[in-house]
Amino acid sequence: MLLMVLPTEFLSQPYPLDEETIREFRRTGHAVVRGLCPPEHIGAWREALVEAAMRHNRETRPLEERDVYGKAFLQIMNLWVHEEAVKPFVLSRRFAEVAAKLMGVDAIRLYHDQALFKEPGGGPTPWHQDQFYWPLDTPNTITLWMALVDASPEMGTMEFADGSQEDGFVEIGEQISEFSEAFFEGYVRGRRFPVTKGRHLRAGDATFHYGWTLHRAPGNPTSVTREAMTIIYYADGARVTEPRNSFQENDRNAWLGGLPPGSRADGPLNPVLFP
Ligand SMILES: O=C(O)CCC(=O)C(=O)O
């Protein structure tokens, strides 16, 4: 059980986001934001987030018994609902404000959070679009992906296809899998999208990407777990769409309070986090 007092003041303080980062985000569909969680605070938050995630992790199979998706990472969802201690981190106004400013929207809601831990020997994360899973009618959706430990490209930081968000939904009828990797590898080459390779991230640095930006990550052959925390947001005012696949139907029930298609996406798990 965590006994330390977690630093919270900075979570409501603005981050000095520069115009160049915003321009680059809108053009390429992704951006890096250094020190979003300041170096002096990330250690304590890492400990709390990892402890919470591991308490709720239900994956016990060895890597070799899992499919491609299961090998890519341990995925533990909506920690803020299950663990009071990590709630201020996920609901941070500082983080949500950066997300809103990158997209250029006035107000932003929480979709959900997830811890994504790529274990030693974990496999690659295949090419995919996040919004394949989300029944939302706006392109203004965004994922914050924060490194909880210093992470090198060799450990599996993310690669992005620059500008791919402009294509919107590329409907391939399949989720994250060997098929999505092969299909999108050809697609990215065919569309001549430049690929931004994985970056070196310090603990507390974050990348952001649009829900439609194609991205992937290599496997982790190192002996250190690539621990990352993600928070997903969308522009306030978005509506729930008719689910286009079974995953979207699951998401509608799990994260959007089962709200019917056509209604405003403002379920009890979707608080406005900025302003
Ligand atoms: O952490 C990973 O390897 C993949 C993460 C990802 O695809 C995402 O956060 O959208």
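Quick note: the coordinates plus some simple rules give every number you see, no bench work behind them. In this text the structure is predicted, and so the values were computed from the model without any measurement. So basically every Cβ, Gly included, is an ideal-geometry build from the backbone, and we count neighbours across all protein chains shown.
Suppose we keep only residues that are in contact (Cβ under 8 Å) with a residue 60 or more places away in the chain and of a type in the set (Asp, Glu) within region 116-165. Which one would you say is nearest to the ligand (Cβ to nearest atom)? Filtering first and then ranking leaves 130. Where the second residue is hydroxyl-bearing (Ser, Thr, Tyr) and the first is closer than 15 Å to residue 195 by Cα and lies in region 209-228, which pairs have Cβ atoms under 6 Å and are six or more apart or on separate chains? From region 209-228, the pairs are 209/143; 213/164; 214/164; 216/125; 217/125.
A count restricted to region 262-275 and to residues that are over 18 Å from the mean Cα position of the chain (by Cα) and either surrounded by 13 or more Cβ atoms within 10 Å (Cβ to Cβ) or among the hydroxyl-bearing types (Ser, Thr, Tyr) (or both) stands at 5. Somewhere in region 183-195, is a residue crowded, with 18+ Cβ neighbours inside 10 Å and either assigned to a loop (DSSP other than H, G, I, E, B) or on the phi > 0 side of the Ramachandran plot (or both)? Within region 183-195, one or more residues are crowded, with 18+ Cβ neighbours inside 10 Å and either assigned to a loop (DSSP other than H, G, I, E, B) or on the phi > 0 side of the Ramachandran plot (or both).
Which one is surrounded by the fewest Cβ atoms within 10 Å (Cβ to Cβ) among residues in region 128-173 that are farther than 16 Å from residue 208 by Cα and of a type in the set (A, V, I, L, M, F, W, C)? This residue is 169. For residue 188, the criteria (1) touching a helix residue (DSSP H, G or I) at 6+ places or on another chain (Cβ under 8 Å); (2) near the ligand (Cβ under 10 Å from one of its atoms) hold in every case but one, which is (2). Of the listed requirements (1) more than 26 Å from residue 124 (Cα to Cα); (2) away from the ligand (no atom under 16 Å from the Cβ); (3) touching a Leu at 6+ places or on another chain (Cβ under 9 Å), residue 9 misses just one: (3). Do we find a residue being buried (at least 19 other Cβ atoms within 10 Å of the Cβ), touching a Lys or Arg at 6+ places or on another chain (Cβ under 8 Å), acidic (Asp, Glu) and not in a helix (DSSP H, G or I) anywhere in region 222-244? Scanning region 222-244, I find at least one residue that is buried (at least 19 other Cβ atoms within 10 Å of the Cβ), touching a Lys or Arg at 6+ places or on another chain (Cβ under 8 Å), acidic (Asp, Glu) and not in a helix (DSSP H, G or I), so the answer is yes. When every residue of region 201-211 is checked against the conditions, at least one turns out to be crowded, with 19+ Cβ neighbours inside 10 Å and of a type in the set (Ser, Thr, Tyr). With respect to (1) over 17 Å from the mean Cα position of the chain (by Cα); (2) on the phi > 0 side of the Ramachandran plot, the lone exception for residue 29 is condition (1). Taken over region 20-65, the criterion of being in contact (Cβ under 8 Å) with a residue 12 or more places away in the chain, acidic (Asp, Glu) and in contact with a strand residue (DSSP E or B) (Cβ under 7 Å, 6 or more places away or on another chain) is satisfied by 59 alone.
The single condition from (1) of a type outside the set (Ser, Thr, Tyr); (2) assigned to a loop (DSSP other than H, G, I, E, B); (3) more than 16 Å from the ligand (Cβ to nearest atom); (4) in contact (Cβ under 8 Å) with a residue 12 or more places away in the chain that residue 249 fails is (2). Within region 28-84, the set of residues being of a type in the set (Phe, Trp, Tyr) and part of a helix (DSSP H, G or I) comprises 45, 69, 80.
Among the residues of region 1-27, those that are of a type outside the set (A, V, I, L, M) and either farther than 27 Å from residue 195 by Cα or part of a loop (DSSP other than H, G, I, E, B) (or both) comprise 7, 8, 9, 10, 12, 13, 14, 15, 16, 18. With respect to residue 21, is the statement that it is polar (S, T, N, Q) and either surrounded by 13 or more Cβ atoms within 10 Å (Cβ to Cβ) or in contact with a Cys (Cβ under 8 Å, 6 or more places away or on another chain) (or both) true? Considered against the rule, which asks whether it is polar (S, T, N, Q) and either surrounded by 13 or more Cβ atoms within 10 Å (Cβ to Cβ) or in contact with a Cys (Cβ under 8 Å, 6 or more places away or on another chain) (or both), residue 21 comes out as yes. Of everything in region 212-221, what is near the ligand (Cβ under 8 Å from one of its atoms) and surrounded by fewer than 24 Cβ atoms within 10 Å (Cβ to Cβ)? Give them in sequence order. Answer for region 212-221, where residues must be near the ligand (Cβ under 8 Å from one of its atoms) and surrounded by fewer than 24 Cβ atoms within 10 Å (Cβ to Cβ): just 216.
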